[in-house]
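A.B. asks: Structure in structure tokens, see below.
The values are calculated or read from the model by the stated rules, or taken from the named source; none is laboratory data. These figures come from a predicted structure and were not determined experimentally. All Cβ positions, glycine included, derive from the backbone under ideal geometry; neighbour counts span all protein chains shown. Each accessible area value is taken on the protein alone, full model and side chains, heavy atoms only, with ligands, DNA and RNA left out. Shrake-Rupley method; radii C 1.70, N 1.55, O 1.52, S 1.80 Å.
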Amino acid sequence: MSPVPDTAVPSTTLNNGTAIPQLGFGVYQIEPAQTVEAVSKALEVGYRHIDTAQMYQNEAEVGEAVETFGRAEVFITSKLNNSFHEPDAARREFDETLRKLRTDSIDLFLIHWPLPTLYDGDYVSTWKVLGEFLADGRAKAVGVSNFQVPHLERLAAETDLVPAVNQIEVHPYLTNDAVREYGSAHGIVTEAWSPIAQGQVLGDPVITEIATGLSKSPAQVVLRWHVQRGDVIFPKSTTPARIQENFEIFDFELDGDAMKALSALDKGAEGRTGPDPDTFDYVPG
Ligand code: NAD
């Protein structure tokens, strides 16, 4: 293992008292055959937080790379697939997640999508099952993903368990502030997925001009904007130079004007690159 640089990645404390590194590495759309190499590269660069999901079909490869590096040093998140919302399926597939990740306990486990148009709209039963994993210690923290404010309000009304995080789409074209504000008012940390909108924001002239002025890349400027807003991020790349570049965001700061300029790029719902959580109903076969 090569020496780990002084990363200075800050941690965010979740509502159960555990700490999550604010910058992690996402593995969505990384082919299983590429995953061990990509995750190993990220760990070598200094990332200590990996975001995977049952849906990504690369948990086993994440588990292999993390085991080789040292499980105790790495924060791992996974997510329940849309096919497994019924309680018995959720229990069975959570066991599978632990087996594939080669671990007795996961740091964070999420409901991937609320699927309000499926399962009779019952994501509450699914949420209670995640509470079982928390209670028996096999999940150190549990949370949700793609939950809108009414979905979060329903969990609050019908259960005593507050999600540790809500992982939602956030980037300069979709600042998603109403959901973020609900989270910060209720002790739910926002995790921003597709933090650079899968590359779509990187050519924006507002962003490229700020980047040029700071001698940083557009991706670094956007990732830094997220960090200063307080969200947790995990950009994805399989290119070693970009994995390194996306990690080098703690040696500069955006001033108030730059922060405002990026936030002003918000296009509301039109800025989404991914599906609308209110209607998304994809269930893998
Ligand atoms: P992202 O915003 O991280 O963009 C990734 C893409 O941007 C890469 O494929 C690459 O083409 C490009 N890129 C990366 N670094 C770059 C750089 N420095 N310069 C130029 N281009 C660069 O998109 P993402 O992968 O969709 O999101 C990140 C992570 O968020 C995922 O891997 C996954 O872990 C998570 N995620 C979660 C959900 C969810 O529903 N919960 C949905 C999507 C993504």
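A.B. asks: Need one word for the stretch 130-285: rounded, prolate or oblate. Basis is the Cα gyration tensor (sqrt eigenvalues a ≥ b ≥ c); a/c below 1.5 gives rounded, then a/b vs b/c decides.
C.D. replies: Prolate, because a/c is 1.5 or more and a/b exceeds b/c.
A.B. asks: Further, regarding this structure: What is the percent of Cα-Cα separations in the stretch 140-180 that go past 10 Å?
C.D. replies: Values: 603 of 820 pairs.
Above the 10 Å cut-off, the stretch 140-180 has 74 percent of its Cα pairs.
A.B. asks: Sticking with this structure for a sec: May I ask for the net charge around N16, where only other residues with Cβ less than 11 Å from the Cβ of N16 are counted and Lys, Arg are +1 while Asp, Glu are -1?
C.D. replies: 0
A.B. asks: Based solely on its DSSP helices, what 222 nm [θ] is calculated for the chain when runs of n ≥ 4 H residues each add -39,500 (n - 2.57) and the sum is averaged over all residues, nearest 500 deg cm²/dmol?
C.D. replies: -11500 deg cm²/dmol
A.B. asks: Of the accessible area of the chain, with the probe set at 1.4 angstrom, what percent is carbon plus sulfur?
C.D. replies: The C+S portion of the solvent-accessible surface of the chain is 48 percent.
A.B. asks: If you count only protein heavy atoms with a 1.4 Å probe, what accessible area per residue comes out for the stretch 85-142, rounded to a whole Å²? Kindly include the intermediate steps, with their values, before the conclusion.
C.D. replies: Numbers: 2400 Å² over 58 residues.
Accessible area per residue, the stretch 85-142: 41 Å².
A.B. asks: Right, another one. Amide H neighbours of L80 under 5 Å, at least 5 residues apart or on other chains, H built in the peptide plane: list them.
C.D. replies: Residues meeting the criterion, in which the H sits 1.01 Å from N, are L110, I111, H112.
A.B. asks: I'd like to know how the chain sits against the 2.2 N^0.38 Å rule of thumb: what's its Cα Rg over that expected value?
C.D. replies: 0.96
A.B. asks: Now for a different question. Considering the alpha-carbon set of the stretch 236-285 alone, what are its Rg and its Dmax in angstrom?
C.D. replies: Rg and Dmax of the stretch 236-285, Cα atoms, are 16.7, 47 Å.
A.B. asks: Shape call for the stretch 58-216 from the C-alpha gyration tensor, a ≥ b ≥ c root eigenvalues: rounded (a/c under 1.5), prolate (a/b greater than b/c) or oblate?
C.D. replies: Oblate.
A.B. asks: Still on this structure, please answer the following. Taking θ as phi - 60°, what are the ³J(HN,Hα) couplings along the stretch 272-281 by the Karplus curve (6.51, -1.76, 1.60), each to the nearest whole Hz, with x for Gly and Pro?
C.D. replies: Here the 3J(HN,Hα) series is 4, 9, x, x, 7, x, 6, 10, 4, 9 Hz.
A.B. asks: Do you know the relative contact order of the stretch 183-254, to the nearest whole percent, from alpha carbon pairs under 8 angstrom that are 6+ apart?
C.D. replies: 33
A.B. asks: Per residue, what accessible area does the stretch 185-285 have, given a 1.4 Å probe and all protein chains present, in Å²?
C.D. replies: 47
A.B. asks: For the cross-link pairs K140/K216; K140/K267; K100/K236; K216/K260; K140/K260, which exceed 25 Å when the distance is taken from alpha carbon to alpha carbon?
C.D. replies: Exceeds cut-off: K140/K216; K140/K267; K140/K260.
A.B. asks: Need one word for the stretch 1-85: rounded, prolate or oblate. Basis is the Cα gyration tensor (sqrt eigenvalues a ≥ b ≥ c); a/c below 1.5 gives rounded, then a/b vs b/c decides.
C.D. replies: The shape class here is oblate.
A.B. asks: Sorted from largest down, what three extents in whole angstroms do the Cα atoms of the stretch 54-123 have along their principal axes?
C.D. replies: Projected onto the principal axes, the Cα atoms of the stretch 54-123 cover 42, 18, 17 Å.
A.B. asks: 5 Å is the cut-off here: which amide hydrogens, built 1.01 Å from N in the peptide plane, fall below it relative to V142, excluding neighbours closer than 5 in sequence?
C.D. replies: HN-HN under 5 Å from V142: F109, A164.
A.B. asks: Enter the Cα centre distance for the pair the stretch 147-210 and the stretch 212-226, rounded to the nearest angstrom.
C.D. replies: Spelled out, the Cα-based centre of one part sits 20 Å from the other.
A.B. asks: Another question, then. Taking the chain as a Gaussian network, Cα atoms linked when under 10 Å apart, which of F133, F252, F25 shows the biggest mean-square fluctuation?
C.D. replies: F252
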